[in-house]
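Take a look at the structure set out below.
The values are calculated or read from the model by the stated rules, or taken from the named source; none is laboratory data. On a predicted model such as this, the values are computed, not experimentally measured, just so you know. Heads up, the Cβs are rebuilt from the backbone with ideal geometry, glycines too, and the neighbour counts pull from every protein chain shown. To get the accessible areas, we keep the full protein, side chains included, count just its heavy atoms, and leave off ligands, DNA and RNA. Shrake-Rupley method; radii C 1.70, N 1.55, O 1.52, S 1.80 Å.
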Amino acid sequence: MALSKHVNPERIIKESRDKVIKRTTHHLTGSSQDTVHHIRARYGSRYGSDSVPKYKIPSTGVDGDAAYQIIHDELSLDGQPLLNLASFVNTWMPPVADKLMLENISKNLIDQDEYPMTQDIHTRCISILAELWNTQSHHHAVGTATTGSSEAIQLGGLAMKRIWQEKRKAAGKSIHEPGPNIVMGANAQVALEKFARYFEVETRLVPVSVESKYRLDPKRAMEYVDENTIGVYVILGSTYTGHYEPVKEMADLLDEYEARTGHSVPIHVDGASGGFVAPFATPKLVWDFRIPRVVSINTSGHKFGLAYVGVGWVVWRSAEYLPKDLIFELHYLGSVEYSFSLNFSRPAHPIIAQYFNFLHLGFEGYRKAALSSLKNARTLSRALERSGYYTVLSDIHRPLGGGTSPNPPRSANEEDVELYEPGLPVVAFRFSDDFQKKHPNIQQKWIQTLLRTKGWIVPNYDLAPDLSQVDILRVVVKENFTEALLDRLVTDLIEITEDLTKQDSSVYLLATLGKHHGTPGSHEKAHGRVEKHEVDGGSEGSGTYAKPC
């Protein structure tokens, strides 16, 4: 018979606890360490008066309800997401999607062994996108979720850079002198140039023009391509004006270049916005993996993918375009896992939200959303031009192939998207030449400020470097920008514009007051914020939105 010794678990735990030397007060704060005192802030007690520090952690906390109310009330000063027409980011999902995300909010996508079904959903999303973007054998495509298009663009660029390096080494050529370069339009969004700056690739920005429709000019781009070009970024939906860049034309010119020189230059399509618009609204448009030179595509699930912010995607047409030495093999989470990303841990619930949309909306649901947004954008474009006060730079309301008429023939079904120039549901506009001639003292940036007083967030900014003398206003028409909101925006915009033409109006006086006295600065101190004078001399930018602070 085995002898057993009694074990007292309570005694073991007691003896194992940290030994504490009791103090009456904390040696720094003077507060008691033996008791917890909740700060009786104004939300903790109707008549409380204690304050909560802003820039250091409080010595003791407040109860959850009080903390919630403090933060909730401060955040009420933010703009309303519904009225934020500056951002491409989606701001609404149905309540059942909110519920699903909350149920999975604690899951870490990288932990494939612990959450195998989440990883299966991730894989399904990659397959869905690969098929949507017309891979010949979509089950051979590879891809990954990212935190957004910025990370996805950088992963696509890294893969092109590594393939270029491997080819140079195999040919016995240097990878350092003169080094790699990448070609993109000067209208490129900051994420594209950020890749080049962070990963030591020369940025070659192709000037844009009115003739090139404020976007990449493929013929001019060829002047910047050489044997050290790792690839060309082609944008399906310019951030400035919503124009699609001509992927097929760029590919054809690169085909001719390869036949002439032997240098193969791939294309990465930045479909941050257009990747979820073109396949549904204009499926006949050839821009994707149907073009052999397109090796990778990225998109934002949290833009026209209609998920909440926090999910992007990048897909390669096959594994040969994703170098193996960029993929990390991990063993310490319980099984062998593979990772290609700029970070490690990331929430799983945005990926789950994306898959919810695929199931809930289907192809027809996404198509209806895209067509509705484009229809509202066309209405807004026409209304602005018919006012006489504005000129619209975006072209989605113009008949396909040009022409003198701003509308398709009346005999046609005007809701047929195939009649119009393809592009994003984005309206970029400026004061008309006639309006500027009549009212040279009115500054267009006043429109942005005065719209903000009515709740609307509409940006006013310069065009790309070669057209930086032109500033534009821009509205992103999203799924929840309804006809009622459109009517209100047009009404407010016209009223503000007309009031500015009356020099005795309160609106005009308010605008000119801001001109002479400047915009008051925030009363908040810039704790932890990088200011312009702190950045290496405030050096000049090289173009795009990537100007150093």
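Given a Förster distance of 30 Å, report the FRET efficiency between residue 449 and residue 249 from their Cβ-Cβ distance, rounded to the nearest 0.05. Here the calculated transfer efficiency is 0.15. Solvent-accessible surface of segment 172-292, taken per residue with a 1.4 Å probe and all protein chains present: 37 Å². For segment 150-195, a crude dipole built from +1 on the beta carbon of Lys and Arg and -1 on the beta carbon of Asp and Glu, taken about the Cα centre, is about 240 debye to the nearest 20.
Accessible surface calculations at 1.4 Å, restricted to protein heavy atoms, place segment 367-406 at 42 Å² per residue. At a 1.4 Å probe radius, carbon and sulfur cover how many percent of the accessible area of segment 77-232? Carbon and sulfur together cover 51 percent of it. Put a plus charge on the Cβ of each Lys and Arg, a minus charge on the Cβ of each Asp and Glu, and nothing anywhere else: the dipole of segment 104-228 about its Cα centre is then about 320 debye.
A cut-off of 5 Å between modelled amide H atoms, ignoring neighbours fewer than 5 places along the same chain, links residue 206 with 184, 185, 186. Just the protein heavy atoms count here, and of the accessible area of segment 345-504 at 1.4 Å, carbon and sulfur take up 50 percent. Sparse packing (at most 15 other Cβ atoms within 10 Å of the Cβ) combined with a DSSP loop state is found for the following chymotrypsin sites (Phe, Trp or Tyr not before Pro) in segment 177-277: 199.
Computed extension gain for residue 131 through residue 171, at 0.36 nm per residue and net of the alpha carbon distance, reaches 10.9 nm.
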